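Visitor: Pasting a structure here, questions to come.
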Amino acid sequence: MDTLFSNATVVTMDESMHQYTGGFVGVTDGKISYVGKNPPPETEKPKEIIDGTGMVLMPGLINCHTHLPMTILRGYADDYDLQTWLTDYIFPKEAHLDDRCVKAATLLGIAECLQFGVTSVTDMYDHIDAIAEAVAESGIKANLSRGTTLFDPEGFEFDKYPACQELVAAREKWHNYDNGRIRIEASIHGEYTSSHELWDAMAEYCINEGVRMHIHLSETESEHNSCVEKYGLTPAQLLDCHHVFDVPTTAAHCVWLTEEDRKLLAKRGVSAAHNPISNLKLASGVADVMAMVKDGMNVCLGTDGTASNNNLDLFEEIKAAALLAKEKHRDPTAVSATAALMMATVCGARAQGRDTECGMIKEGMDADLILVDFTRPHLMPCHNVISSLAYSARGGDVCLTMVRGKVLYAGGKFPTINLSAVVKELAEYAMPKVFQPTGSDESSAS
Ligand SMILES: [Zn+2]
């Protein structure tokens, strides 16, 4: 046994929601090899013991919708509606990003994830090669996709379109890297930023190659309504006609789905990534999580990018998801603390296609684990650990984050990320490149 967590309150999130007070979890070769109320047998001598007294040990959180490199745009354009925010502020600045900027911004984002107890992310962005490099170096798990738009379909060919070429190259280079720690998915950015030429070609590629899909779906009312006006179908129905959901899909937002949409997406096995804080900040609306679950959809949680959140603290999403569902239905039982925590763990793992690998503390699963410090004033007393995790805990209460048995964050330190070098790279290279463009760059800036 490599590591033994001792005397922790173990919240397994397994099918029976087992909890062990003063429990023990052993880690061997990156996997969970022991879970129990009593210490493991003497023969299993651990190389290292981590004392979990006063701590909660739980599965690492899974952020199912984000754009990690957007850390560089954090706080740059706040308090606008989605269309103005994207078109007038975000897209023009993103045009200045290069691989070097993206790698630095991604490493900053990963450090933030690890610090807040996130062990796996589903990301969609440009410069996927640089993102994959950052993920590879850091040790976090990730399902990555190259967000693809198509504004001018004239002469579009999948094989010749740069974003599609980058997807194919990323699949070859990075898919299943480090025994599946990185997975490459396809991405259609959204119905409103593309057209059927892309949907058909991408769906065909995904079906033929067995590639998962990540998409923004029915985020705003205007996006939803203009699709209905233009095509006579909702975005979900329209994309389904083009076979986009024939492969396992994570659909971010799903704020404006109709009942028919929810039933259709449930039938297709689409997971909804609920991003309550981003939706609130951009005033996009409140997704009906309870209805999605009732209609059979898997619902997981995401932060969205830091430019619309403005952090990667998934504990905030857990609380917001529960609170918003209660308000939406005027029913305090609508989404319980347990349900909200499941969205951030087991349901997230399911959405990523990693449910046999993580999301629970169970023997044989990857040791993707976090320790939460329950000795802090706002976490005492603790009558119900699940309630405390959902409603009182914050990302900053995480004191250790482990992925596959390796400690990636502990006590303010990141063993795999040189954070001061990342900050220097951002300050000296990336920020000037994006925010003080020179020469011909200037014309395309906002
Ligand atoms: Zn997004």
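No value in this document is a laboratory result; all are computed from the given coordinates. These numbers come from a predicted model, not from an experiment. Quick reminder, even Gly has a Cβ in these numbers, built from the backbone with ideal geometry, and neighbours come from all protein chains shown.
Visitor: Mind listing the phi-derived Karplus ³J(HN,Hα) values for the stretch 67-79, rounded to whole Hz, using 6.51, -1.76 and 1.60 with θ = phi - 60°, and x for any glycine or proline?
Guide: 9, 3, x, 6, 4, 5, 9, 4, x, 6, 9, 10, 6
Visitor: Another one. Considering only the other residues whose Cβ falls under 13 Å of the Cβ of I277, what net charge follows from Lys and Arg at +1 and Asp and Glu at -1?
Guide: -3
Visitor: What is the sum of charges, Lys and Arg at +1 and Asp and Glu at -1, for the other residues whose Cβ falls under 11 Å from the Cβ of D397?
Guide: 0
Visitor: For the pair D331 and E229, how long in nm is the line joining their label points, each one 7 Å along Cα→Cβ?
Guide: For D331 paired with E229, the spin-label model returns 3.4 nm.
Visitor: Under a GNM of the chain (C-alpha, springs under 10 Å), which listed residue has the highest mean-square fluctuation: I277, I370, I207?
Guide: Sorting by GNM fluctuation, first place goes to I207.
Visitor: With runs of 4+ DSSP H residues as the only contributors, calculate the mean residue ellipticity of the chain at 222 nm using -39,500 (n - 2.57) per run, divided by the residue total and rounded to the nearest 500.
Guide: My calculation for the chain gives -9500 deg cm²/dmol from helical runs alone.
Visitor: If R₀ is 22 angstrom, what is the calculated FRET efficiency for the pair I207 and E260, using the beta carbon separation as r and rounding to 0.05?
Guide: E between I207 and E260, to the nearest 0.05, is 0.40.
Visitor: May I ask you to list the residues of the stretch 327-344 whose amide nitrogen lies under 15 Å from a point 7 Å from Cα along the Cα→beta-carbon direction of N384?
Guide: The answer is 332-342, whose backbone nitrogens lie closer than 15 Å to the label point.
Visitor: At 7 Å along the Cα-to-beta-carbon direction for both M431 and K294, put a label point, then send me their distance in nm to one decimal.
Guide: Label-label distance for M431 and K294, simple model: 4.9 nm.
Visitor: If you plug each phi of the stretch 34-42 into the Karplus form 6.51 cos²θ - 1.76 cosθ + 1.60 with θ = phi - 60°, what whole-Hz ³J(HN,Hα) values come out, in order, with x for Gly and Pro?
Guide: Per-residue couplings from phi come out as 7, 9, x, 6, 9, x, x, x, 3 Hz.
Visitor: Would you mind getting me the FRET efficiency between R394 and D51? Use the beta-carbon distance for r and R0 = 22 Å, nearest 0.05.
Guide: FRET efficiency, R394 to D51: 0.50.
Visitor: What is the angle, in °, between the Cα long axis of helix 99-115 and the longest principal axis of the Cα atoms in the chain? Nearest 10 is fine, range 0 to 90.
Guide: 30 degrees
Visitor: With +1 on each Lys and Arg Cβ and -1 on each Asp and Glu Cβ, how big is the dipole of the chain about its Cα centre, in debye rounded to the nearest 20?
Guide: 1480 debye
Visitor: Here is a further query. So for R376, R212, fewest C-beta neighbours within 10 Å to most, what's the order?
Guide: Listing R376, R212 from fewest to most nearby Cβ atoms yields R376, R212.
Visitor: Which cross-chain or sequence-distant (5 or more) residues have an amide H under 5 Å from the amide H of T258, H modelled 1.01 Å from N in plane?
Guide: none
Visitor: Still on this model: I need the shape label for the stretch 81-196. Rule: rounded when a/c is under 1.5, else prolate if a/b > b/c, else oblate, with a, b, c from the alpha carbon gyration tensor.
Guide: Taking the square roots of the gyration eigenvalues as a ≥ b ≥ c, the stretch 81-196 is oblate.
Visitor: What's the angle, to the nearest 10 degrees (0 to 90), between helix 128-138's Cα axis and the longest principal axis of the chain?
Guide: 10 degrees
Visitor: Another question, if that's okay. What pairs in K267/K362; K103/K433; K103/K424; K362/K413 have C-alpha atoms more than 23 Å from each other?
Guide: Beyond 23 Å between Cα atoms: K267/K362; K362/K413.
Visitor: Considering only the chain, what is the antiparallel percent among its DSSP beta bridges, to the nearest 5?
Guide: Among the beta bridges of the chain, antiparallel pairing accounts for roughly 40 percent.
Visitor: Here's another thing I want to ask about it. Shape call for the stretch 289-446 from the C-alpha gyration tensor, a ≥ b ≥ c root eigenvalues: rounded (a/c under 1.5), prolate (a/b greater than b/c) or oblate?
Guide: prolate
Visitor: Still on this structure, I have one more. Please compute the net charge surrounding Q83, taking Lys and Arg as +1 and Asp and Glu as -1 over other residues with Cβ under 11 Å from its Cβ.
Guide: Around Q83, the charge tally is -4.
Visitor: Now for a separate question. Order these by the 10 Å Cβ neighbour count, fewest first: T193, T106, T356, T43.
Guide: Fewest-to-most Cβ neighbours within 10 Å comes out as T43, T356, T193, T106.
Visitor: Efficiency by 1/(1 + (r/R0)^6): what FRET value for D152 and T43, r their Cβ-Cβ distance, R0 = 51 Å, to the nearest 0.05?
Guide: E between D152 and T43, to the nearest 0.05, is 0.15.
Visitor: Using each residue's phi in the stretch 234-251, evaluate 6.51 cos²θ - 1.76 cosθ + 1.60 at θ = phi - 60° and report the 3J(HN,Hα) Karplus result to the nearest Hz, with x for Gly and Pro.
Guide: After applying 6.51 cos²θ - 1.76 cosθ + 1.60, I find 6, x, 4, 5, 4, 5, 5, 4, 9, 6, 5, 9, 6, 10, x, 10, 9, 10 Hz.
Visitor: In straight Cα distance, which lysines are under 17 Å from K328, not counting same-chain residues fewer than 8 positions off?
Guide: K281, K294, K319
Visitor: Let a ≥ b ≥ c be the square roots of the eigenvalues of the Cα gyration tensor of the chain; is it rounded (a/c under 1.5), or, if not, prolate (a/b larger than b/c) or oblate?
Guide: Since a/c reaches 1.5 and a/b is larger than b/c, the shape of the chain is classed as prolate.
Visitor: Between A77, A321, A111, which gets the highest mean-square fluctuation from a Gaussian network model of the chain, Cα cutoff 10 Å?
Guide: Highest fluctuation of the listed residues: A77.
Visitor: Report, in degrees rounded to the nearest 10, the 0 to 90 angle that the Cα long axis of helix 162-174 makes with the longest principal axis of the chain.
Guide: 30 degrees
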